[in-house]
């Protein structure tokens, strides 16, 4: 392995540290499952319900970030050290990723609509979004589990798209699948972290 | 002296040392990191890490912040703007040399 490769590996390791204990994924997965359930339980809700839902999601995200910091302060950082996630350039990367994945999802939907005349490809559209999003994340952080999740989401989306489901049920199925997938990724990362991290705090 | 040789000589000697290159790589990818994380990531011993960190600090490439987590002392390191620029320059130079060597060996 040459020096340049070692440098890339070290940088990727430092970037991926944020995800090494799986806590971020567990939170995100749990939240997506809740969103999926809300979509299913509140069919045809008014825009006001949507706004309230968005506010609740925002509050849960903020509270979960605080909780994650507290857990890491007490357990993680004493054992495997502390590294602050570098957000320099990350916001631009986030915007580019969201725009690119949305454009890809719309393009796939339009293409399928033209080819098949069907307008019920919402699940597949969501899956393309997930695929592009997680492939971009994988390129930056190198977490292979996200590639597995994104590829399987595409397969599930094809199955969901072919079934005669309403848009609401299709969205519920996909959001829940992706949410449970991310949750599983997080639990897997947490188990791996607990197995490899020292049990006692470092001196 | 050929261009290739000049490029190699021009590489920043402070960063070029393997242990310091490892420290700089880790810190470049994070906003800040503590001693334990640096030691775990680079595989350096405490003594070795302290020595190299001191050299980088002396060169103005990183800053050291000492604080307390409750009663436990906590030391964090972060690259300075100068350190980030130096690493970016070094990384670019090294990548170009590696690319040229790769082509020559083919």
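Would you be able to say whether some residue in the range B:51-69 is more than 10 Å from the chain's Cα centre (by Cα), under 14 Å from residue A:10 (Cβ atoms) and in contact (Cβ under 8 Å) with a residue 24 or more places away in the chain? It would help to see each step written out before you state the result.
From the range B:51-69, those more than 10 Å from the chain's Cα centre (by Cα) are B:51, B:54-55, B:57-60, B:63-69; that's our starting set.
Filter once more, keeping what is under 14 Å from residue A:10 (Cβ atoms): none.
No: the range B:51-69 contains no residue that is more than 10 Å from the chain's Cα centre (by Cα), under 14 Å from residue A:10 (Cβ atoms) and in contact (Cβ under 8 Å) with a residue 24 or more places away in the chain.
Strands (runs of 3 or more DSSP E) wholly in chain B with at least 2 residues that are in contact with a strand residue (DSSP E or B) (Cβ under 9 Å, 6 or more places away or on another chain), at pLDDT below 95 and away from chain A (no Cβ under 11 Å) - which ones? Talk me through it step by step, then tell me what you get.
Working: elements: B:30-34, B:62-69, B:72-79.
Qualifying strands (runs of 3 or more DSSP E): B:62-69.
State all residues of the range B:60-95 that are exposed (fewer than 13 other Cβ atoms within 10 Å of the Cβ) and at positive phi; if no residue qualifies, say none.
Let us first name the residues in the range B:60-95 that are exposed (fewer than 13 other Cβ atoms within 10 Å of the Cβ), namely B:65-68, B:70-73, B:81-82, B:85, B:88, B:92.
Hit for the range B:60-95 is B:70, nothing else.
For the range A:41-58, state whether one or more residues are touching a helix residue (DSSP H, G or I) at 6+ places or on another chain (Cβ under 6 Å), in a helix (DSSP H, G or I), under 23 Å from residue A:184 (Cα atoms) and in contact (Cβ under 8 Å) with a residue 24 or more places away in the chain.
no
Within the range A:49-74, take every residue that is closer than 15 Å to residue A:24 by Cβ and surrounded by 14 or more Cβ atoms within 10 Å (Cβ to Cβ) and give me the one that is nearest to the other protein chains (Cβ to nearest Cβ).
A:72
Residues that are surrounded by 18 or more Cβ atoms within 10 Å (Cβ to Cβ) and free of Cβ contacts under 8 Å to residues at least 24 places away in the same chain: does the range A:150-162 have at least one?
Yes: one or more hits.
The values are calculated or read from the model by the stated rules, or taken from the named source; none is laboratory data. Just so we're clear, the structure is a prediction, and the values are computed from it rather than from any experiment. Every residue, glycine as well, gets a Cβ built from its backbone with ideal geometry; the counts of neighbours run over all protein chains shown.
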